[in-house]
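> One structure is given below, represented as structure tokens, and several questions about it will come after.
The values are calculated or read from the model by the stated rules, or taken from the named source; none is laboratory data. In this text, all values refer to a predicted model and were calculated from it rather than measured experimentally. Cβ coordinates were reconstructed from backbone atoms using ideal geometry, including for glycine residues, and neighbour counts include every protein chain displayed.
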Amino acid sequence: MSDLGSLENPLRVAIVGSGPAGFYGAEHLLKRDDVSVEVDMFDRLPTPFGLVRAGVAPDHPKIKSVIRVYEKTAARGGFRFFGNVEIGRDLTVAELEQRYNAVVYAYGTATDRRLGIPGEDLPGSHAATEFVNWYNAHPDFADHRFDLSARRAVVIGNGNVAADVARMLALPRAELDVTDTADHAIEALAESAIAEIVILGRRGPAQAAFTNPEVRELGELTDADIIIDPAELELDPASREYIDSEDCDPTHRRNVEIFTDFSERQPEDKPKRVVMRFCCSPVEIRGEGKVESIVIGHNELYRDDSGQIRARDTGEREEIECGLVLRSIGYRGIGLEGIPFDPRRGLIPNEAGRVNDPERGEQVPGHYAVGWIKRGPSGVIGTNKKDAQETVATIFADLESGAIGKREPVEPPIEVVLAARGGDHITYLDWQAIDRAEVSAGEPQGRPRIKFCRIDEMVDAARSADAVAS
């Protein structure tokens, strides 16, 4: 057999997950001129692009323009897409190992972290990720229902997802109608009775994890006043020292300035209010058969022995009436049978992308991780480009050192295996047909697209296009 990575014997890589990390990984793998690489990308949904499609807020269409970069990668020779294929259901990790020199896990962190408090499972208490997926037409959440009949909603968290869901709850119908928000969500949000959205942060304004643009947008809502009690912005000594220091992240310093501006504004009597609270932690969610209120504990901030600013409970309690609670306190990954997994961190254990087996204390040859399942849910979309670059550099280093083993071709090939199992796997051409159908449906209404919400609708759109083409 010729050298691995040659034209006669290309390096064959499977990427599990088609979000930003997966596509950046494919881009870095395929652009090497001196190594021949073939990439097969798998996703359990028929649609690619991961959180760019199902996580970015619909009123942020410019962020989705990054898809054009991924489309260029998909157009490269050596790239194939297998949508509607779930590893563990349609294919096993072992079957990937048999047919690929390297397997890269890029499937992200799909589950949410829990609060661990009484009442968390009451109807009306949800993960913010469920809400995001619901309004973004994710097929897993098309039939979800959110009770929006109460006057007040509480959003727990101080990151961009918390800002997104708060903003979506405050947008008027006229602004929703020009987005690709799922039709079922537009109808529900337009009829919502929610007039106040309270955002709770465990620590203070100096530690809030929002990016500056997300914070500013909360103050630019056409139908909602932004409310912050000036007392909420009184910084503790440790936070003041941090904000005034050269070590302060400019984003944190600017956030405090924006919050201060918000606190000095006079309400304009808009139909809704977004109220920001700091140094508050949920203690209990109460209600008879559904969410009726949330009890919060007031925190104080202190420096621990390592110098980190942390929150601790003062014992003071406050009860806030509400009918909807959305927790946005972080994501967790889930394991795949056949590869190591760290259940405490919710990640695949790795070093520079190389998957490690903690029990044996060694690398699992040919297995790699990238993106959130590698490092945890941090950063923005672009952060995954550098992350992917590191993992791909590791793959090529292992190729050069001989750590990636040569494999004799295994029959039948993946596409034949999938066809024999009766699955409706989706090619990239199929996805383009789905894409065209969605865009065409949106054009008469002046919308970027009307998304299909169900997998069978997506498959039907792809097959209809196939029938016309033939």
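> Could you give every pair whose Cβ atoms fall below 6 Å, whose first residue belongs to region 203-231 and is within 17 Å of V161 (Cα to Cα), and whose second residue is of a type in the set (V, I, T) and assigned to a strand (DSSP E or B), counting only separations of at least 6 or pairs across chains?
Close Cβ pairs satisfying both conditions: L218/I226; L218/V274; G219/I226.
> Of all residues being of a type in the set (K, R) and surrounded by fewer than 24 Cβ atoms within 10 Å (Cβ to Cβ) in region 345-374, which is modelled with the lowest pLDDT? Just the residue, please.
R360
> Give the residues of region 53-82 that are in contact with a strand residue (DSSP E or B) (Cβ under 9 Å, 6 or more places away or on another chain) and hydroxyl-bearing (S, T, Y), sorted by residue number.
Hit for region 53-82 is T73, nothing else.
> Restricting attention to region 111-136, which residues are crowded, with 19+ Cβ neighbours inside 10 Å and touching a strand residue (DSSP E or B) at 6+ places or on another chain (Cβ under 8 Å)?
D112, L115, G119, G124, S125, H126, A127, A128, T129, F131 - these are the residues of region 111-136 that are crowded, with 19+ Cβ neighbours inside 10 Å and touching a strand residue (DSSP E or B) at 6+ places or on another chain (Cβ under 8 Å).
> Same structure again: Filter region 89-123 for residues that are closer than 14 Å to V417 by Cα and small (G, A, S) and give the result.
Selection gives A94 alone.
> Cβ-Cβ below 8 Å, separation at least six or inter-chain, first residue in region 291-304 and under 16 Å from P205 (Cα atoms), second surrounded by fewer than 17 Cβ atoms within 10 Å (Cβ to Cβ) and acidic (D, E): which pairs?
H298/D313; H298/E316; H298/E318; N299/D313
> On to the next question. If I ask for residues that are assigned to a loop (DSSP other than H, G, I, E, B) and of a type in the set (S, T, Y), which ones from region 280-308 would you list?
S306
> Pull up region 423-470, narrow it to residues that are assigned to a loop (DSSP other than H, G, I, E, B) and among the polar types (S, T, N, Q), then point me to the one that is modelled with the lowest pLDDT.
S470
> Right, another one. Look at region 251-275 and say how many of its residues are of a type outside the set (K, R) and in contact with a helix residue (DSSP H, G or I) (Cβ under 7 Å, 6 or more places away or on another chain).
Counting residues in region 251-275 that are of a type outside the set (K, R) and in contact with a helix residue (DSSP H, G or I) (Cβ under 7 Å, 6 or more places away or on another chain) gives 9.
> If you take the residues in region 171-188 that are outside any helix (DSSP H, G or I) and not small (G, A, S), which one is nearest to S440 (Cα to Cα)?
So the residue we want is D180.
> Would you confirm whether any residue within region 237-246 is surrounded by fewer than 18 Cβ atoms within 10 Å (Cβ to Cβ), within 24 Å of S328 (Cα to Cα) and touching a helix residue (DSSP H, G or I) at 6+ places or on another chain (Cβ under 8 Å)?
no
> Between E337, E319, E268, which is free of Cβ contacts under 8 Å to residues at least 40 places away in the same chain and either at negative phi or in contact with a Gly (Cβ under 8 Å, 6 or more places away or on another chain) (or both)?
None of the others qualify; the one that does is E319.
One line per residue, one yes/no per condition, for (1) more than 25 Å from the chain's Cα centre (by Cα); (2) without any contact (Cβ under 8 Å) to a residue 12 or more places away in the chain; (3) more than 30 Å from A174 (Cβ to Cβ); (4) not assigned by TED's automatic domain parsing to the domain that holds G376:
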| position | (1), (2), (3), (4) |
| --- | --- |
| L4 | yes, no, yes, yes |
| H28 | no, no, yes, no |
| S36 | yes, no, yes, no |
| R44 | no, no, yes, no |
| G55 | no, no, no, no |
| R68 | no, yes, no, no |
| A74 | no, no, yes, no |
| V85 | no, no, yes, no |
| V93 | no, no, yes, no |
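Results for (1) in contact with a His (Cβ under 9 Å, 6 or more places away or on another chain); (2) modelled with pLDDT of 95 or more; (3) surrounded by 14 or more Cβ atoms within 10 Å (Cβ to Cβ), shown as yes or no for each residue.
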site: D304; (1), (2), (3): no, no, no
site: Q308; (1), (2), (3): no, no, no
site: T314; (1), (2), (3): yes, yes, no
site: G323; (1), (2), (3): no, yes, yes
site: L326; (1), (2), (3): yes, yes, yes
site: R332; (1), (2), (3): no, no, yes
site: P343; (1), (2), (3): no, no, no
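> While we're on this one: Would you be able to say whether some residue in region 166-174 is at pLDDT 95 or above, of a type in the set (D, E, K, R) and surrounded by fewer than 24 Cβ atoms within 10 Å (Cβ to Cβ)?
Yes; the residues of region 166-174 include at least one that is at pLDDT 95 or above, of a type in the set (D, E, K, R) and surrounded by fewer than 24 Cβ atoms within 10 Å (Cβ to Cβ).
The rows are residues; the columns are (1) over 29 Å from the mean Cα position of the chain (by Cα); (2) of a type in the set (A, V, I, L, M, F, W, C); (3) not assigned by TED's automatic domain parsing to the domain that holds L51.
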{"site": "M276", "(1), (2), (3)": "no, yes, yes"}
{"site": "I294", "(1), (2), (3)": "no, yes, yes"}
{"site": "E300", "(1), (2), (3)": "yes, no, yes"}
{"site": "D304", "(1), (2), (3)": "yes, no, yes"}
{"site": "D313", "(1), (2), (3)": "yes, no, yes"}
{"site": "E316", "(1), (2), (3)": "yes, no, yes"}
{"site": "G323", "(1), (2), (3)": "no, no, yes"}
{"site": "E337", "(1), (2), (3)": "no, no, no"}
{"site": "F341", "(1), (2), (3)": "no, yes, no"}
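> If you take the residues in region 400-422 that are touching a strand residue (DSSP E or B) at 6+ places or on another chain (Cβ under 9 Å) and assigned to a helix (DSSP H, G or I), which one is surrounded by the fewest Cβ atoms within 10 Å (Cβ to Cβ)?
E415
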